[in-house]
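**Q** Submitted below is the structure of interest, expressed as structure tokens.
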Amino acid sequence: EMTQAILAAHSYSTRAIEIIIEAYKTFKQERAAEKLAKQTMKELSRLTDKELNDIGLSRGDIWYVAHNQNENLRGWV
């Protein structure tokens, strides 16, 4: 019974550490995504309305494009 209790406690503490690590990774990924979105918004905002139109965007599209990037757009936007 003591061995089972020790194993259960170890299992719970291991899971708690895994949850903390996952939360940290998620936090880091979200920060990186926000940094990328801000950079995209900054770069697109520098374009003129004509340049935006040439790539099929309007000024009102900038936030959406910056926050909803996908792998197919990487390197283009």
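The values are calculated or read from the model by the stated rules, or taken from the named source; none is laboratory data. Please read these numbers as outputs of a predicted model, since none were measured by experiment. Virtual Cβ from ideal backbone geometry, glycine too; neighbours counted across all protein chains shown. With ligands, DNA and RNA removed, areas are computed over all heavy atoms of the protein, side chains included. Shrake-Rupley method; radii C 1.70, N 1.55, O 1.52, S 1.80 Å.
**Q** With N denoting the number of residues in the range 1-56, provide Rg(C-alpha) divided by 2.2 N^0.38 Å, to two decimal places.
**A** That ratio works out to 2.30.
**Q** Follow-up. In the chain, carbon and sulfur make up what percent of the accessible area (probe 1.4 Å)? Intermediate values should be presented prior to the final figure.
**A** Details: 3920 of 6710 Å².
C and S atoms contribute 58 percent here.
**Q** Ignoring ligands, DNA and RNA, what accessible area per residue does the range 1-40 give at 1.4 Å, in Å²?
**A** Heavy-atom SASA per residue in the range 1-40 reads 93 Å².
**Q** Highest first, please rank the peptides 7-13, 51-57 by the mean number of other Cβ atoms sitting within 10 Å of their residues.
**A** With the highest mean Cβ count within 10 Å placed first, the list reads 51-57, 7-13.
**Q** Moving on to the next point. Please enumerate, by chain and number, the lysines with C-alpha under 16 Å from the C-alpha of LYS28, excluding those fewer than 8 residues away in the same chain.
**A** LYS38
**Q** Right, something else. Got a sec to turn the phi values of the range 39-45 into Karplus ³J(HN,Hα) couplings, 6.51 cos²θ - 1.76 cosθ + 1.60 with θ = phi - 60°, whole Hz, x for Gly and Pro?
**A** Result, rounded to whole Hz: 5, 4, 4, 4, 5, 5, 5.
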